[in-house]
Each structure stands twice: as structure tokens, then as C-alpha cells.
Amino acid sequence: MNPALLVGLGGVLGALSRFAVGSLVGSLVGGRRRDTLAVNVLGSFALGALTTGLAADATLLTVFGTGFCGAFTTFSSFAVETVELYETGARRAAVVNAATNLVGALLAVGLGGWLATAL
Amino acid sequence: MSATEARSLERLKPLLLVAVGGFAGAIARHAVAVALPGGFPWGTLAVNVLGSFALGVLLFEATVTGRLGPETRLVLGTGFLSSFTTYSTFALQTAALSPRWAVANVAANYALGFLAVVAGRIAVRSLAAPEVAG
């Protein structure tokens, strides 16, 4: 199948899953920033695991890595929410948000890759 | 159509809007990544900055003039732009770079992404200003 179509199909699943996590996290603890942090860390973990575990299968990697994980996680919402925090005077919270997304996602990528190798 | 069918379609509508936007956003991100040169993750930087600008415009517009309805925000914001931009690929690519280039990649995505949000708002403000003033 056309790679672009595979990415698109994964993108549908990723976007719907992000929407679902948003509703779930929103009802549990509230707040858009926690949704974004949750999807970014979870998605980075999955991408780290998939890139290592599915390295031999280009089709699955395109659907679930580029398509699903790429769409599940989001940079634009993260950027808007961080700027909103900074502008409303919560400068420390803005820095904490920027740092937790980065450190969380980088650790998750590493942990996902490590687990996929170990299993 | 029965009233029950109409109600269940109404419930499905947000999911359909997010799905359509997510499909197009992921394909557009892939197209940008294929079009730009490899080596440094230029594609991810480009989609993250462009998408942050567009989301800044979209969400700020909703609070200033409110011409775009909640459905537009779902299909373009939650669907298209959130799928177009990506944090996981950004993290994976950063982890694969040498320390020096990794720092440069994070700095470029963060600085340009945040500036793009601010630029998006300035664009909305300057376009909306004549109406507000008049």
C-alpha cells in the first residue's frame, strides 16, 4: 500500500486515541496540559519500543510509528499551552512544563527501546 | 432518519471530525518529511513550527473574534494540526543525534515553536484590530 495512505490510517487512530486520552485525563485530574504531557510521554515510549521492535517491518513501522505515534503526540498544543502559561505570569510553570515534556519524552524513548531489546 | 439515529450521528460527529483532520495532518507531515533533505530532522522542525503558528492563530482567533466555530477547532486543531505536529518523532530524532546537534534541535524546535505561537497571535490581533477599532 501507498506509504502516505499507511501514515494517514495510523494518523486517524493516533488522533482519535489522543482525543480519547484527553477526555479520560480531563475527567480524572483535569487540565489540558496534563493530557498533552500524558500523550507525549506515552507516545514517545511507544515510538521508542516500535522503532526497535519493528525495525525489520517497514510497513508496520510506517503505520504505527510515523502514523500512529506521530499523530498521537503533539507539539503544537504543547507550544500553545506553554506560551499561555508564560503569558499569564506563571513563568516557573511554563519552564517546568517545557522541561517535563522534554525529559519525560527522552526518557520514555530510551526506556521503550531498552524494553523492546530486552523482551 | 429516526430521532435515535440522529442522536447517535450527532455523538459520532466530533470523532469523525478528529479522524478526518488526523488523516490529513499525518499525511501532510509525512509529505513534508519526504520533501526536505535528510541528515538533520528538518521535516519535524518545519511541521512543528508551522503547526504551532497555525494553532496559535486558530485558538487565539476563537477567543478574539470567535468566527471559527467549535467544529472548525476540532477538525483543524485537535485533528489536523495536532497530528501534523509531533513530539514523539522529535524526541526520537533528538535522542539519535550527537549531543551538540541534539541541543541545537531542542533549542530550534522550542524557540521557533514558541515564537511561532506568539507570531500567530500577533497576526490575529493585527487582522482583527481594524474591526475592533471600527
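The values are calculated or read from the model by the stated rules, or taken from the named source; none is laboratory data. Please read these numbers as outputs of a predicted model, since none were measured by experiment. Methodologically, a virtual Cβ is constructed for each residue, glycine included, from the backbone with ideal geometry; neighbour enumeration extends over all protein chains shown. Heads up: the accessible areas ignore ligands, DNA and RNA and are worked out on the full protein's heavy atoms, side chains in. Shrake-Rupley method; radii C 1.70, N 1.55, O 1.52, S 1.80 Å.
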Once B:Arg67, A:Arg18 are ranked on solvent-accessible area with the largest value leading and a 1.4 Å probe, the list reads B:Arg67, A:Arg18
When you look at the Cβ of every residue in A:1-13, what mean number of other chain Cβ atoms sits within 10 Å? 6
How many percent of the accessible area of segment B:3-133 is carbon or sulfur, using a 1.4 Å probe? 73
J(HN,Hα) series, segment B:113-128, from Karplus relation 6.51 cos²θ - 1.76 cosθ + 1.60, nearest Hz, glycine and proline x: x, 5, 4, 5, 4, 4, 4, x, 5, 4, 4, 5, 4, 6, 7, 7
Going by accessible area, probe 1.4 Å, with all protein chains left in place, what is the ranking of A:Asp57, A:Asp35, largest first? A:Asp57, A:Asp35
For segment B:24-35, what does the Karplus curve 6.51 cos²θ - 1.76 cosθ + 1.60, with θ = phi - 60°, yield as ³J(HN,Hα) per residue in whole Hz, taken in order and with x for Gly and Pro? 5, x, 5, 5, 5, 4, 4, 4, 5, 5, 6, 6
How would A:Glu81, A:Glu87 rank on accessible area, largest to smallest, probe 1.4 Å? A:Glu87, A:Glu81
Counting each DSSP H run of 4 or more residues in the protein assembly as shown as -39500 (n - 2.57), what helix-only mean residue ellipticity at 222 nm follows after dividing by all residues, to the nearest 500 deg cm²/dmol? -26000 deg cm²/dmol
What distance in nm separates the two pseudo spin-label positions at B:Leu16 and B:Thr63, each 7 Å out from Cα along the beta-carbon direction? 3.1
Per-residue average of other protein chain Cβ atoms inside 10 Å, peptide A:89-101 -> 1
Provide the three semi-axes, in whole Å and in decreasing order, of the ellipsoid equivalent to segment A:3-118 as defined by the square roots of 5 times the Cα gyration tensor eigenvalues. 27, 16, 12
Sites A:Thr59 and B:Ser98 - FRET efficiency at Förster radius 41 Å, r taken between beta-carbons, to 0.05: 0.85
Rounded to whole angstroms and listed largest first, the alpha-carbon spread of segment B:60-130 along its three principal axes comes to 47, 25, 11
Which distance in nm do the two modelled labels at B:Ala107 and B:Leu9 give, with both placed 7 Å along the Cα-to-Cβ direction? 5.5
Shielding of B:13-22 by partners, i.e. mean partner chain Cβ atoms within 10 Å per residue? 5
Find the eigenvalues of the gyration tensor of the Cα atoms of segment B:3-133, then list the square roots of 5 times those eigenvalues as equivalent ellipsoid semi-axes, largest first, in whole angstrom. 31, 22, 10
Pick from A:Val12, A:Val95, A:Val39: which is most flexible by mean-square fluctuation in a GNM of chain A where alpha carbon atoms under 10 Å apart are linked? A:Val95
For the protein assembly as shown, would you read off the P(r) tail past 27 Å as a percentage of all alpha carbon pairs? 34
Determine the share of segment A:3-118's accessible area contributed by carbon and sulfur atoms, expressed in whole percent, with a 1.4 angstrom probe. 72
Spacing of the two label points (7 Å from each Cα toward its C-beta) at B:Ser126 and A:Leu28, in nm: 4.3
Please report, ordered by residue number, every helix of chain A (full DSSP H runs) that is 15 Å or longer along its axis going by C-alpha atoms and whose mean Kyte-Doolittle hydropathy reaches 1.0. A:3-28, A:91-118
Euclidean distance between Cα centres, segment A:50-119 to segment A:1-27, Å: 14
